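> This is the structure I want to talk about, given as C-alpha cells.
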Amino acid sequence: MKKPNIVILGAGYGGLMVATRLQKQLGVNEAEIFLVNKNDYHYETTWLHEASAGTLHHDKVRYDVASVIDKNKVTFIQDTVQKISTADKKVVLEGQELSYDYLVVALGAEPETFGIKGLHEYAFMISNVNSARQLREHIEYQFATYNNEAEKDDTRLRIVVGGAGFTGIEFLGELANRVPDLCKEYDIDYHKVKIICVEAAPTALPGFDPELVDYAVSHLERKGVEFKIGTAIKECTPDGFIVAKGENDVEEIKAKTVVWAAGVRGNSIVEESGFEAMRGRVKVEKTLSAPGHNDVFIIGDCALMINEEINRPYPPTAQISMQQGELCANNLVTLVRGKGNLQEFKFDDKGTVCSLGHDDGVGVVFGKKITGSKAAFMKKVVDNRALFMIGGPGLVLKKGKFNFF
Ligand code: FAD
Ligand code: NAD
C-alpha cells in the first residue's frame with residue numbers, strides 16, 4: 001500500500017514541532033514526510049528584536065533545519081510556498097509542486113499595516129533574519145554618518161518605534177541598552193539621541209497587568225525612551241511618521257529610523273489559497289483542522305482559536321504554536337494509523353515574560369508576577385526551553401542563553 005504523504009509548510013516553531021515529533025513517533029514505512037521552508041535555517045522569531053537592535057548577532061538566532069531533522073524520515077525541501085490548492089491536494093512551490101495526503105500549514109505571520117500609507121516603503125519591520133539585519137545595519141549607518149557630515153542632521157540619531165505591544169517594548173529594551181555603546185563607538189553625545197515610542201491605545205502593553213506595564217514604561221523612560229501614548233500613526237513618509245492624538249492634533253515626527261512594530265497578521269498565502277480567514281488567520285476546529293478540510297491542519301500564527309473563558313482569540317505566540325505542533329503531530333499519527341480519535345487542543349498557558357533588555361523584564365509566570373533580574377532569568381529559561389523542545393540538550397548547548405547574571 002502507498003505510504004501517505006505528509007507535507008509540512010514552514011520550519012518555524014509550529015512546523016518544526018510537528019516534524020520532530022512525527023520523526024519520533026512514525027516508522028519509515030508509515031509515511032513520507034516533507035518539510036518545506038524558505039530558508040535552509042530556522043530562526044527564533046522570539047529573538048529577532050535582539051538581532052534588530054544589534055545586541056545579539058543574527059547567527060545566534062538561527063540554526064540549520066538539517067541539524068534537527070532525521071533525514072531517514074523527513075525530506076527537507078528549501079523552497080518558497082506560493083499557493084495551496086486543496087481541490088487537487090497540491091502545494092505550488094517556486095521550484096516544484098508537491099502532492100499531499102495530509103497538509104500542515106505553519107507559515108507564520110506577516111506585519112499588519114492596516115493599509116497605513118508609506119509603511120511598506122519607508123518603515124523597518126522586525127519579521128525575519130534579513131529584516132533584522134537590515135534594521136541593525138541602518139541604525140549603525142546613521143550613527144556612523146552623523147559626525148562625518150559638515151551639517152549635523154539630528155534626525156539621524158532619532159529612532160521612532162510604532163506600537164508598544166510586546167514586540168515594540170522588547171525592541172525598545174534592547175535599543176536602550178545598545179544606544180550607549182553606539183554613542184561610545186561613534187563619538188556621539190548620548191543626549192542628542194532620541195528614542196520615541198508611539199502607541200495608539202491608552203496604555204502600553206494593552207491588556208497586560210497594569211502594575212507590570214508601569215514597571216516596564218518607567219524602566220524604559222529612565223533609559224531615555226519617550227512614550228507618546230494614545231497617539232496613532234497615520235502615515236509613514238521618507239522623513240518619519242505622521243501621528244495624531246485624537247482627530248485634529250496631528251504632528252510630524254522626523255526621524256531617519258522608523259520601525260513598525262504595531263501588529264501581525266497570518267501569512268497571506270492562506271487567504272490567497274481560498275481559506276476563509278480573518279487577517280490571514282483561519283478559525284480552526286478544535287482538532288486544528290481547517291473547516292471543511294479534514295486533511296489540512298493549520299497551526300501557529302496562521303491559526304485562530306477562541307479562548308472561551310473570555311470569548312476572544314488567543315494571541316499568536318510561540319508558546320501556543322509549539323503546543324499546537326505537538327497536538328497536530330499526535331493527530332497525524334492517529335490518521336496515518338487509522339485508529340483512535342483525534343485529540344482536541346487545549347491551551348496550557350504557562351504565562352508571559354516580556355524582556356526589557358537582557359538584564360531586566362516583567363512577567364506573569366504560573367500566575368505569579370515577576371520583575372527585574374528574576375524576569376530576565378525566566379525569559380532565558382523560556383528561550384532555552386524552546387530550543388530544548390525541538391533539538392534537545394545538544395541544541396541548547398549550541399544556541400542557548402547562559403548569560404544569566
Ligand atoms: P514562525 O515561527 O514565524 O515560522 C514560520 C516559518 O515559515 C519561518 O521559518 C518562515 O521562514 C517560513 N515561511 C514563511 N513564508 C514562507 C513561504 N512562503 N514559503 C516557505 N516558508 C515560509 N511569542 C512567545 O510565545 N514568546 C515570546 O517571547 C515572543 N517574542 C516575540 C518577539 C518578537 C520580536 C516577535 C516578532 C514575536 C514574538 N513572539 C513571541 C511571537 C512568536 O514569535 C510567534 O507567535 C511564533 O513565531 C509563531 O510560530 P509559527 O510557527 O506560526 O511561525
Ligand atoms: P500586538 O498586536 O500585540 O501589539 C501592537 C501594538 O501596536 C498594540 O499595542 C496596538 O495598540 C499598537 N498599534 C496598532 N496600530 C497602531 C497605530 N496605527 N499607531 C500606533 N500604535 C498602533 O503586536 P506585537 O507586539 O507585534 O505582537 C505580536 C504577537 O506576538 C502578539 O500575540 C504578542 O503577544 C506576541 N509577542 C509576545 C512576546 C512575549 O511574550 N514576550 C513578545 C513579542 C511578541
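> Looking at 186, 198, 167, which one has the Cα that reaches farthest to the positive end of the dipole of segment 146-215 (charges on Cβ: Lys, Arg +1; Asp, Glu -1)?
186
> Can you tell which of 340, 262, 302 lies farthest toward the positive end of the dipole of the chain, using +1 and -1 charges on the Cβ of basic and acidic side chains (Lys, Arg; Asp, Glu)?
340
> Given q = 0.07, 0.09, 0.13 Å⁻¹, what are the Debye log10 I(q)/I(0) values for the chain, with equal point scatterers placed on the Cα positions and solvent ignored?
-0.34, -0.57, -1.13
> Quickly work out the residue 373-to-residue 59 label distance, labels modelled 7 Å from Cα along the C-beta direction, and quote it in nm with one decimal.
Each label point lies 7 Å from its Cα, and together they span 3.1 nm.
> Turning to a different aspect of this structure: For the chain, modelled as a Gaussian network with Cα springs under 10 Å, which listed residue fluctuates most, 342, 103, 304?
Of 342, 103, 304, the most mobile in the Gaussian network model is 342.
> Using Cα positions and a limit of under 17 Å, work out the lysines in reach of residue 399, with same-chain residues fewer than 8 apart set aside.
60, 379, 380
> Can I ask one more? Determine the gain in length on full extension of the stretch residue 40-residue 348; use 0.36 nm per residue of separation and subtract their C-alpha separation, reporting nm with one decimal. Working shown, then result.
Numbers: separation 308, 0.36 × 308 = 110.88 nm, distance 3.08 nm.
Separation in residues times 0.36 nm, less the Cα-Cα distance, equals 107.8 nm.
> Taking the Cα centre of segment 239-328 as the origin, how large is its charge dipole in debye, to the nearest 20, when only Lys and Arg (+1) and Asp and Glu (-1) carry charge on their Cβ atoms?
In total the dipole reaches around 140 debye.
> Select from 303, 255, 11 the residue whose mean-square fluctuation is largest in a Gaussian network model of the chain (Cα-Cα springs shorter than 10 Å).
Answer for the Gaussian network model of the chain: 255.
> Of the accessible area of the chain, with the probe set at 1.4 angstrom, what percent is carbon plus sulfur? Intermediate results must be reported in sequence, preceding the final value.
Working: 9230 of 18910 Å².
On the chain, the fraction of accessible area on carbon and sulfur atoms equals 49 percent.
> Largest first and to the nearest Å, give the Cα extent of segment 119-262 along each principal axis.
Computed over the Cα atoms, the extents are 44, 31, 30 Å.
> Which ³J(HN,Hα) values in Hz, rounded to whole numbers, follow from the phi angles of segment 248-255 under the Karplus curve 6.51 cos²θ - 1.76 cosθ + 1.60, where θ = phi - 60° and Gly and Pro get x?
Working through the residues one at a time gives 10, 6, 8, 9, 9, 9, 7, 6 Hz.
> Label points 7 Å out from Cα along the Cβ direction at residue 235 and residue 294: separation in nm?
5.4
> Next up: Between residue 92 and residue 286, what is the FRET efficiency for a Förster distance of 30 Å, r being their Cβ-Cβ separation, to the nearest 0.05?
0.55
> Turning to a different aspect of this structure: Kindly report the accessible area of the chain per residue (heavy atoms of protein chains, probe 1.4 Å, no ligands, DNA or RNA), in Å². Each step should come with its number before you reach the end.
On the way: 18910 Å² over 405 residues.
So the chain comes to 47 Å² accessible per residue, rounded to a whole number.
> Using a 7 Å offset from the Cα along the Cα-to-Cβ direction at both residue 339 and residue 137, what is the distance between the two label points in nm, to one decimal?
Modelled inter-label distance: 5.6 nm.
> Springs between alpha-carbon pairs under 10 angstrom, Gaussian network model over the chain: which of 309, 30, 185 fluctuates most?
In this elastic network of the chain, the residue with the biggest mean-square fluctuation among 309, 30, 185 is 309.
> With only Lys, Arg, Asp and Glu charged, each at its Cβ (+1 for the first two, -1 for the last two), find how big the charge dipole of the chain is about the Cα centre; round to the nearest 20 debye.
Numbers: 48 positive and 55 negative charges, 257 e Å.
It works out to roughly 1240 debye.
> I would also like to ask the following. Net charge within 10 Å of residue 23 by Cβ-Cβ distance, Lys/Arg positive one each and Asp/Glu negative one each, not counting residue 23 itself?
With Lys, Arg at +1 and Asp, Glu at -1, the net is +3.
The values are calculated or read from the model by the stated rules, or taken from the named source; none is laboratory data. Everything numeric in this text was worked out from a predicted model, so none of it was measured. Glycine gets a Cβ as well: all are built from the backbone with ideal geometry, and neighbour counts include every protein chain shown. Surface accessibility is based on the protein's heavy atoms, side chains included, excluding ligands, DNA and RNA. Shrake-Rupley method; radii C 1.70, N 1.55, O 1.52, S 1.80 Å.
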